[in-house]
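Enquirer: Got a structure for you, written out below as structure tokens; questions coming shortly.
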Amino acid sequence: MRTAIVSAMHEELAAVLALMPDETRQPAAGRDFRVGHLHGHDAVAVLSRIGKVAAATTATVLIERFEVDRILFTGVAGGLAPGVERGHVVLADGFLQHDLDASPIFPKYEVPLYGTSRFDTDRALTDRVAQSVARALPGTRVHRGLVISGDRFVATSGESRSLQAALPEALAVEMEGAAIAQVCRDYGVPFAAVRTVSDRADDEAHGDFVQFIRDVASRHSAAIVEAFLGDEAS
Ligand code: SAH
């Protein structure tokens, strides 16, 4: 069983990489895939880079070349729904691309020729990640539901409000998850995504974004990944 751990930004993955004692760098598609062990498990860690296309390429290479059996994304997201605040954790049940619109030929948000706008994550894997979050970060608020992705850093209150109005179910917004979910569905590879809320996708979203990832989110990611793999027999 080989597990892929993916983040979009270096700051998100740094603490996870520190948990890998023996990894080798294997470059592919302009990325550095770190192949080794984490808690005794066969693991590949990689930075997808930011955005849906970069995430899709990364997921495809992980599956085709590195033959991973499952993908876990860990990083940050902007909170959208009321009460999804900075420092909370969001677990995705499913993803939708909020910037995809082939209407009037297809309904808004629907991915053409898939007949759906929503790509679910793997229920069993997500349940297990939820248990790991509870163990690794006791006392942290956890939300589970729809997360939306688009090729835009949402950093104005106006855009945040219009996304909330259009997609009231959406808990949080980020830039990669829907792409990985779609690739994983194409290949039948289980996928789970866990994100720490770094901002409220509003006018203050830029603030100390990178500092927050370094200080809080990267440590969340490492603790969750460690609990997740530590729970399983190697
Ligand atoms: N302005 C940032 C850009 C990083 S893009 C910077 O200065 O570095 C934001 C990254 O974090 C993406 O990988 C995305 O998935 C996630 N993210 C966090 N908050 C987000 C938000 N409000 N809107 C979109 N993506 C967000």
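Enquirer: Among Phe95, Phe73, Phe212, whose mean-square fluctuation peaks in a Gaussian network model of the chain (Cα, cutoff 10 Å)?
Expert: Phe212
Enquirer: Which percent, to the nearest 5, of DSSP beta bridges fully inside the chain are antiparallel?
Expert: Bridges in the chain that DSSP calls antiparallel: roughly 40 percent.
Enquirer: Leaving out ligands and nucleic acids, note down the accessible area per residue over region 2-233 with a 1.4 angstrom probe, in whole Å².
Expert: So region 2-233 comes to 41 Å² accessible per residue, rounded to a whole number.
Enquirer: Right, here's the next one. With all protein chains present, how much of the accessible area of region 66-145 (probe radius 1.4 Å) comes from carbon and sulfur, to the nearest whole percent?
Expert: 50
Enquirer: Moving on. At a Förster radius of 25 Å, what calculated FRET efficiency corresponds to the Cβ-Cβ distance of Ile50 and Thr116, to the nearest 0.05?
Expert: Given R0 = 25 Å and the Cβ-Cβ separation, E is 0.50.
Enquirer: Calculate for the chain the 222 nm mean residue ellipticity that helices alone would give, adding -39,500 (n - 2.57) per DSSP H run of length 4 or more and normalising by residue count, nearest 500 deg cm²/dmol.
Expert: Roughly -9500 deg cm²/dmol at 222 nm, from the helical runs in the chain.
Enquirer: Take the alpha-carbon centre of region 4-74, take the same for region 175-234, and report the distance between them in whole Å.
Expert: For region 4-74 versus region 175-234, the Cα centre distance is 12 Å.
Enquirer: Name the residues of region 41-72 whose amide N is less than 19 Å from a point 7 angstrom out from the Cα of Asp231 along the C-beta direction?
Expert: Residues passing the 19 Å test: 41-44, 69-72.
The values are calculated or read from the model by the stated rules, or taken from the named source; none is laboratory data. These figures come from a predicted structure and were not determined experimentally. Heads up, the Cβs are rebuilt from the backbone with ideal geometry, glycines too, and the neighbour counts pull from every protein chain shown. When the accessible area is computed, the model is the full protein with side chains, heavy atoms only, and any ligands, DNA or RNA have been set aside. Shrake-Rupley method; radii C 1.70, N 1.55, O 1.52, S 1.80 Å.
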